Amino acid sequence: MVIRHLFFIDLFTNDKFEEIGTIRILHKDKHRTGSVIPNQFTRLNDEFISLGMNKEFYSEIINVLGKTRALSVLEELHDISIIGLDNNPYFEINNQGIQDSFFRSSDARYLYEEVLKVYFTLPQNNLKKW
């Protein structure tokens, strides 16, 4: 099964172009997320989850937006390294799409487990629960 889920995030502000990087976005039912993701949105609904492609994605989104806004944007994208999977009604850690798409590399599992702590250093009681 082929799962298509790669997206590029770029930001255009004040006539300035900023390339943020690549992010994976999964839909709960579709193998081709691009066929169901809205062309424009301010927040993805619970039927979608995402995970940045690499460490550079998280570094760059913080560099461009600052930590507070970057954290907000990642929450709006339902980035599982930030919000976890505990409260998502459609996905769990053993979901085929997560395993086949997000976690096929050890880097992705590291991102899932460490981004919140490494890049956003929140107090211990705010970290997602395993």
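The values are calculated or read from the model by the stated rules, or taken from the named source; none is laboratory data. The structure displayed is predicted, hence computed values, not measured ones. Note: ideal-geometry Cβ built from the backbone for every residue, glycine included; neighbour counts use all protein chains shown.
Odds and ends about this structure:
- Exactly one residue among Glu75, Glu56, Glu47, Glu114 is under 17 Å from Phe8 (Cβ atoms) and either among the basic types (Lys, Arg) or within 16 Å of the chain's Cα centre (by Cα) (or both), and that residue is Glu56.
- Asn63 being in a helix (DSSP H, G or I), free of Cβ contacts under 8 Å to residues at least 24 places away in the same chain and either more than 19 Å from Val118 (Cα to Cα) or over 13 Å from the mean Cα position of the chain (by Cα) (or both): yes
- Test result for Ser101, of a type in the set (S, T, N, Q), touching a helix residue (DSSP H, G or I) at 6+ places or on another chain (Cβ under 9 Å) and either exposed (fewer than 12 other Cβ atoms within 10 Å of the Cβ) or within 20 Å of Ile9 (Cβ to Cβ) (or both): yes
- The set of residues in the range 3-36 that are among the charged types (D, E, K, R), over 15 Å from the mean Cα position of the chain (by Cα), surrounded by 14 or more Cβ atoms within 10 Å (Cβ to Cβ) and under 17 Å from Tyr58 (Cα atoms) contains only Glu18.
- Checking Phe41 against (1) exposed (fewer than 15 other Cβ atoms within 10 Å of the Cβ); (2) of a type in the set (Phe, Trp, Tyr); (3) within 13 Å of the chain's Cα centre (by Cα), the condition it does not meet: (3)
- Some residue of the range 42-56 being out of contact with any strand residue (DSSP E or B) (no Cβ under 6 Å at 6 or more places or on another chain), more than 19 Å from Leu6 (Cα to Cα) and at pLDDT 85 or above: no
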